[in-house]
1. Taking the condition of being out of contact with any strand residue (DSSP E or B) (no Cβ under 6 Å at 6 or more places or on another chain), surrounded by 14 or more Cβ atoms within 10 Å (Cβ to Cβ) and either without any contact (Cβ under 8 Å) to a residue 24 or more places away in the chain or part of a loop (DSSP other than H, G, I, E, B) (or both), how many residues in region 238-262 meet it?
2. Answer yes or no: is there a residue in region 268-287 that is polar (S, T, N, Q), part of a helix (DSSP H, G or I) and modelled with pLDDT under 95.
3. Filter region 226-237 for residues that are surrounded by 15 or more Cβ atoms within 10 Å (Cβ to Cβ) and of a type outside the set (Gly, Ala, Ser) and give the result.
4. Take Ala64 and tell me if it is surrounded by 11 or more Cβ atoms within 10 Å (Cβ to Cβ), within 13 Å of ligand 1 (Cβ to nearest atom) and modelled with pLDDT of 95 or more.
5. So for region 204-225 (the condition being loosely packed, with under 15 Cβ neighbours inside 10 Å and within 16 Å of Gly258 (Cα to Cα)), does at least one residue qualify?
6. Determine which member of the set Glu87, Glu16, Glu39, Glu93 is crowded, with 17+ Cβ neighbours inside 10 Å, more than 16 Å from ligand 3 (Cβ to nearest atom) and of a type outside the set (A, V, I, L, M, F, W, C).
7. Of the residues that make up region 240-251, is at least one of a type in the set (Val, Ile, Thr) and touching a helix residue (DSSP H, G or I) at 6+ places or on another chain (Cβ under 8 Å)?
Amino acid sequence: RAKTKARGSINFFDMELDQQLRDRRALHQDLSTAIRNGELSLHYQPQARARHKMKTDHVLGFEALARWTHPIRGFVPPSDFIPLAEESGLIVEMGEWILRQACLEAASWPKDLQISVNLSPAQFMHGDLVGLVHSILLETGLAPGRLELEITEGVLIEDFDRGLSLLRRLKALGVRIAMDDFGSGYSSLTYLQAFPFDKIKIDRTFVMNLGRNTQSAAIIRAMIGLGHGLNISIVAEGVETQEQLSFLADEACDQVQGYFLGKPAPIETYAEWIGRAKPDAKNVVKIPRKVG
Ligand code: C2E
Ligand code: MG
Ligand code: MG
Ligand code: MG
């Protein structure tokens, strides 16, 4: 568009916008082949019982977090490519890959460890999610009770009835449901009453603000009380310090997740945590990646 204008009138902002659009289109194009090209991978972040002293036998499982390594741009954060995949509908194919990959991985762990997988609204609202989860469980041999699906409340706001029916059918398969990022959006308490959640994940902004303001401590305390009253376990996200961990342990928060315990990383990083031998650098065969 800018090109057709008289030379002198090309507006910097037009060009900027144009570039952004072209950039986006290119990124979208690349995302559509990312799975096929093996650019997508999963990182795993430990979730553990909230105890003052961290020990690896307090680990209850891991959350799978998607990673995209673009051949030229390098690391693209999920906060960039997940929304892009959502808009374009690619998320359905991508979500299926993520779920299968995560269940396959978890099926090889000790039987007491769980896997949490994030679901996006598009996955929730389109296609046969229940059928997909069912067939992936059968295919991978993962016991349903070891799979937890994380959803944000945004999913439920869109279509209450469909949401409720889906959650009930997923629960009937034996999988567990967690509400992610609780407290960050509308967080209507109605949802906690109406939907069969097994877990609430307190949004990390509350944990982050512990020690910076007194409200956060009060809110976290109230959320823990709420969860316990409703028989729903409470996880605090984004635990980065010993002080935060101690506060949460004192308040009888059930579980914690955050950099203080471990960052999201390739599963080999946690080899010993899942009872596997530490990968020996000498024995790791490097397969050269195809470029282009
Ligand atoms: P989330 O599900 O709430 O995941 C937690 C995010 O917090 C992750 O960011 C994790 O790396 C980060 N985090 C964990 N502990 C700490 C901490 O102690 N400090 C700080 N500052 N951050 C911490 P990540 O991996 O960038 O993912 C961002 C979001 O993207 C996720 O939020 C989730 O909503 C979405 N996402 C990631 N992977 C997937 C996926 O496979 N499918 C879908 N649908 N969404 C995904
Ligand atoms: Mg999550
Ligand atoms: Mg979260
Ligand atoms: Mg989040």
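The values are calculated or read from the model by the stated rules, or taken from the named source; none is laboratory data. Because the structure is predicted, anything quoted here is derived from the model rather than measured. Here the Cβ positions follow ideal geometry from the backbone for every residue, glycine too, while neighbour counts run over all protein chains shown.
1. Residues flagged as out of contact with any strand residue (DSSP E or B) (no Cβ under 6 Å at 6 or more places or on another chain), surrounded by 14 or more Cβ atoms within 10 Å (Cβ to Cβ) and either without any contact (Cβ under 8 Å) to a residue 24 or more places away in the chain or part of a loop (DSSP other than H, G, I, E, B) (or both) within region 238-262 amount to 6.
2. Of region 268-287, the ones polar (S, T, N, Q) are 269, 283.
The next check asks that each one be part of a helix (DSSP H, G or I); those that pass are 269, 283.
Okay, now just the ones that are also modelled with pLDDT under 95, so 283.
Within region 268-287, one or more residues are polar (S, T, N, Q), part of a helix (DSSP H, G or I) and modelled with pLDDT under 95.
3. Leu226, Ile232, Ile234, Val235, Glu237
4. Values: surrounded by 11 or more Cβ atoms within 10 Å (Cβ to Cβ): yes; within 13 Å of ligand 1 (Cβ to nearest atom): yes; modelled with pLDDT of 95 or more: yes.
Yes; evaluated as a whole, the condition is true for this residue.
5. yes
6. Within the list Glu87, Glu16, Glu39, Glu93, the selection yields Glu39.
7. no
Each row is one residue, and each column tells you yes or no for (1) in contact (Cβ under 8 Å) with a residue 24 or more places away in the chain; (2) in a strand (DSSP E or B); (3) under 26 Å from Leu261 (Cα atoms); (4) in contact with a Phe, Trp or Tyr (Cβ under 6 Å, 6 or more places away or on another chain).
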position: His28; (1), (2), (3), (4): yes, no, no, no
position: Arg36; (1), (2), (3), (4): no, no, no, no
position: His43; (1), (2), (3), (4): yes, yes, yes, no
position: Pro46; (1), (2), (3), (4): yes, yes, yes, yes
position: His52; (1), (2), (3), (4): yes, no, yes, no
position: Trp68; (1), (2), (3), (4): yes, yes, yes, yes
position: Pro83; (1), (2), (3), (4): no, no, no, no
position: Glu86; (1), (2), (3), (4): yes, no, no, no
